[in-house]
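Structure, as structure tokens:
The values are calculated or read from the model by the stated rules, or taken from the named source; none is laboratory data. Just so it is clear, the structure is predicted and the values come from calculations on it, not from any experiment. Quick reminder, even Gly has a Cβ in these numbers, built from the backbone with ideal geometry, and neighbours come from all protein chains shown. Just so you know, the surface numbers come from the protein's heavy atoms only, side chains and all, with ligands and any DNA or RNA stripped out. Shrake-Rupley method; radii C 1.70, N 1.55, O 1.52, S 1.80 Å.
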Amino acid sequence: MAVADAILAHIETPAVHVGDRQIGGGARCFIIAEAGINHNGDVSFAHRLVDTAAEAGADAVKFQTFDPEQVVSRRDESQLAMGRRLALSPEVFAQLRAHAISRRLMFLSTPFDAGSADVLDRMGVPAFKIPSGEITNPPFLAYVARKGKPMLISTGMASLPEVVEALDIVGAHGNPPVALFHCVSNYPAAPQECNLRAMATMRSLLHVPVGWSDHTQGISLSVAAVAMGAELLEKHFTLDRSLPGPDHQASLEPAELQALVKDVRATEAALGDGLKEPVKSELAVALWARRSLHAARNIAAGEVLEMSDLVLLRPGSGIPASRAGSVVGRRPKTRVPVGSLLRETDLD
């Protein structure tokens, strides 16, 4: 067990507790189904997204909360108009939160401005997700940090020094628990852009849980990230990828979201403890797949065994082939016919 403990100590990071869930510290990957703005401003559609996340087995469902007037310049008329179409009211978010809780889902939402953070704080969200675009927004980071709740910070578009600076700001304004998402802010992101090894870099240098906010198409890179140690995972999903909107194309449809959760859990189960030893189910296989000592000729009782008297054949239920040297020089108690399997009880 000492070796296993050493391996786990090497790969584990300090745990961050979000509500009744643990992120890092050896806990299973925390899966966030990112509904985002894929409701297209339709409240009933948003509720259907909650149900989809629950049916897929995600740990949390997450939306985006923002006041368009506090996020986008009035001069950017197209982005402002889109924001107005997609913004939901605090009352709607309260309903979505209640719905999520009723489905045994954690409710999260990403605030994009101080007022939206206040709305979510009053609602009782257990953590704040910080979007990649705000990692270089010191006043906003400080404002959210002072609320004292865990912060899940996406690092898309950021260099390592920018990530460090963001953590310094958070640390100086209340120092709440932090977990990071490695992220590529492109929709969809190309696999060759993903640099999943950056997760390990941030984890080893910054000593916080690190995961993957996946903007690639499909589920393969999410599963790969978990195999590489992602402690939290975020993936956009929708009911129909052909719908209009900025995030639908890089989102999973319901069956794909279910497959993602299933494959992530299977991958986690496959990782094991890192010790190289046979598993219980292999022991029966070893009896026929391995070789053991058999008589190469008819051997008389009491005859001194030589290596030429032995042949290594399946099954492996006799004296293991690896012990052939220790058998040489011993004598069988009774006659051993050619081809017979040798057992320890056959020898003096």
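Some observations on this one:
- 5 angstrom amide H check on SER154, placed H, neighbours 5+ away: ILE130, SER132, PHE181
- Here the range 37-118 exposes an accessible surface that is 46 percent carbon and sulfur, computed with a 1.4 Å probe and the other protein chains kept in place.
- Principal-axis tilt of helix 77-86 within the chain, Cα atoms, nearest 10 degrees: 70 degrees
- At R0 = 30 Å, FRET efficiency that the Cβ-Cβ distance of SER78 and THR201 yields, to 0.05: 0.20
- Rounded percent of accessible protein surface that carbon and sulfur make up, the range 204-346, 1.4 Å probe: 58 percent
- Fraction of beta bridges assigned by DSSP in the chain that are antiparallel (%, nearest 5): 25 percent
- Estimated from the Cβ-Cβ distance and a Förster radius of 30 angstrom, the FRET efficiency linking ARG103 and THR136 is about 0.25.
- Put simply, when 194-205, 49-60, 72-83 are sorted by average Cβ atoms within 10 angstrom per residue, most first, you get 49-60, 194-205, 72-83.
- With the Kirkwood sum run over all distinct C-alpha pairs, the range 137-224 has a hydrodynamic radius of 13.6 Å.
- Computed 3J(HN,Hα) for the range 274-281, one whole-Hz value per residue from the Karplus formula 6.51 cos²θ - 1.76 cosθ + 1.60 where θ = phi - 60°, is x, 7, 8, 7, x, 8, 4, 5, glycine and proline marked x.
- Shape metrics for the chain, restricted to C-alpha atoms - Rg then Dmax, Å: 29.2, 101
- The mean sequence distance of close C-alpha pairs (under 8 Å, at least 6 residues apart), as a share of the length of the chain, puts its relative contact order at 14 percent.
- A straight Cα-to-Cα reach below 18 Å connects LYS262 with the lysines LYS235, residues fewer than 8 places away in its own chain not being considered.
- Extension gain, ARG297 to LEU313: 0.36 nm times the residue separation minus the Cα-Cα distance gives 4.4 nm.
- R0 of 51 Å, Cβ-Cβ distance VAL304-ALA270: FRET efficiency to nearest 0.05: 0.55
- Less than 5 angstrom separates the built amide H of LEU313 from those of SER292, HIS294, all sequence-distant by 5 or more or on a different chain.
- Each Lys and Arg contributes +1 and each Asp and Glu -1, all at the Cβ; summed about the Cα centre of the chain, the dipole is approximately 1260 debye.
- For the range 216-221, Karplus couplings with θ = phi - 60° (6.51, -1.76, 1.60), whole Hz, Gly/Pro x: 7, 7, x, 10, 4, 6
- Linear extension gain, GLU253 paired with GLU193, 0.36 nm per residue minus alpha-carbon span: 19.3 nm
- Between LEU347 and LYS333, the built amide H atoms are under 5 Å apart, and every one of these is 5 or more places off in sequence or on another chain.
- In degrees, nearest ten, helix 254-271 long axis to first principal axis of the chain (Cα): 40 degrees
- Taken one residue at a time, the phi angles of the range 186-199 give Karplus couplings (6.51, -1.76, 1.60, θ = phi - 60°) of 9, 10, x, 8, 7, x, 5, 8, 7, 6, 4, 5, 4, 4 Hz. Gly and Pro are set to x.
- Set of aspartates and glutamates with alpha-carbon distance to LYS333 below 19 Å, sequence-local pairs under 8 removed: GLU303, GLU306, ASP309, GLU344, ASP346, ASP348
- Inter-probe distance in nm under a simple model that places probes 7 Å from Cα toward Cβ, at ALA27 and GLN95: 3.1 nm
- Compared with the alpha-carbon gap, the fully stretched path from SER322 to ALA286 is longer by 11.6 nm at 0.36 nm per residue.
- Residue list for the range 86-128, given a label point 7 angstrom along the Cα-to-Cβ vector of ASP51 and an amide N cut-off under 19 Å: 92-107
- Once the Cα atoms are used to define both axes, helix 2-11 deviates from the longest principal axis of the chain by about 30 degrees.
- Taking every protein chain into account, the accessible area of the chain amounts to 48 square angstrom per residue (probe 1.4 Å).
- Legend: translational diffusion of the range 202-278 by Stokes-Einstein, Rh = Kirkwood radius over C-alpha pairs, 20 °C, 1.002 mPa s; D = 155 µm²/s.
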